[in-house]
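Okay, handing you the structure first.
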Amino acid sequence: MMPRPAPLPEGLLTVGRITGCYGIKGWLRVHPYTDRAESLLDFPAWWLGSAEEPRPVVIDAGRRQGRGLVVHLRGIDDRNAAEALRGAEFLVRKAALPPLEHGEYYWHQLEGLEVWCLGEEGEQLLGRVAYLLETGANDVLVVRGSPGSIDDRERLLPYLPGDVVKQIDLEAGRLTVDWYPEA
């Protein structure tokens, strides 16, 4: 079984991770968990640390750098202080997330949805979305067996809307896929 990320305090969402330092004046390299990295700089409030003990921080400067971000935190003014933060995660309030266009979803909205498979035998419950993984080619749904599912297996399904993922109904808590239950 793949490990489940630690649960977050109510209302907070992990949006990136510090991967290292940038320069000698306390700047940090951030790997964002979004395709729109620069939009993260627009959030009014940030937290840093582990999911169990986030602490508020102020980003006083930042910009896009390659596929990620570089940011400066108020009070972190040298490389040693920045290096001590390597691996820490950035968190924001879910309520501060910008609205998405029709047919777009945040990962946290997909977690917990029941996954139903279309097949010749009718619909079959594969389980629930435990979490998603980012891969080079496409994102992957990690689906674990749940009460009423066809078995207790963990499955990795490519998140390919229109191809594998046929329908997402957040209100019903349901995600419909065209997939092979045996896979």
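The values are calculated or read from the model by the stated rules, or taken from the named source; none is laboratory data. Values in this document were obtained by computation on a predicted structure and should not be read as measured data. When we count neighbours, we look across all protein chains shown, and the Cβ atoms used for this are built from the backbone with ideal geometry, even at glycine. Ligands, DNA and RNA are stripped out before the accessible areas are found, and what is left, the full protein with its side chains, is counted by its heavy atoms. Shrake-Rupley method; radii C 1.70, N 1.55, O 1.52, S 1.80 Å.
Hey, residue 75 hits all of (1) of a type outside the set (Lys, Arg); (2) open to solvent by 50 Å² or more (accessible area, probe 1.4 Å); (3) under 30 Å from residue 155 (Cα atoms) but one; which does it fall short on?
The single condition residue 75 does not satisfy is (3).
If you check 95, 82, which single one turns out to be open to solvent by 20 Å² or more (accessible area, probe 1.4 Å) and among the hydrophobic types (A, V, I, L, M, F, W, C)?
Every option except 95 fails the conditions.
Just to verify a result, which residue in the range 159-183, among those that are of a type in the set (A, V, I, L, M) and touching a residue at least 40 places away in the same chain (Cβ under 8 Å), is farthest from residue 102 (Cα to Cα)?
Selected residue: 177.
Something else about it: Just to verify a result, which residue in the range 106-120, among those that are open to solvent by less than 60 Å² (accessible area, probe 1.4 Å) and part of a helix (DSSP H, G or I), is farthest from residue 144 (Cα to Cα)?
Checking each candidate, the answer is 108.
Now, a different point. Pick from the range 19-46 the residues that are among the basic types (Lys, Arg) and surrounded by 12 or more Cβ atoms within 10 Å (Cβ to Cβ): which of them is nearest to residue 77 (Cα to Cα)?
Top of the filtered list is 25.
Still on this structure, I have one more. Could you count how many residues in the range 27-47 are in a loop (DSSP other than H, G, I, E, B) and within 16 Å of the chain's Cα centre (by Cα)?
Matching residues across the range 27-47 total 4.
Which one of 153, 174, 128 is over 17 Å from the mean Cα position of the chain (by Cα), surrounded by 12 or more Cβ atoms within 10 Å (Cβ to Cβ) and under 24 Å from residue 14 (Cα atoms)?
Only one candidate passes the filter, namely 174.
Output the residues belonging to the range 131-150 that are of a type in the set (Gly, Ala, Ser) and either open to solvent by less than 50 Å² (accessible area, probe 1.4 Å) or at pLDDT 95 or above (or both).
Selection gives 145, 146, 149.
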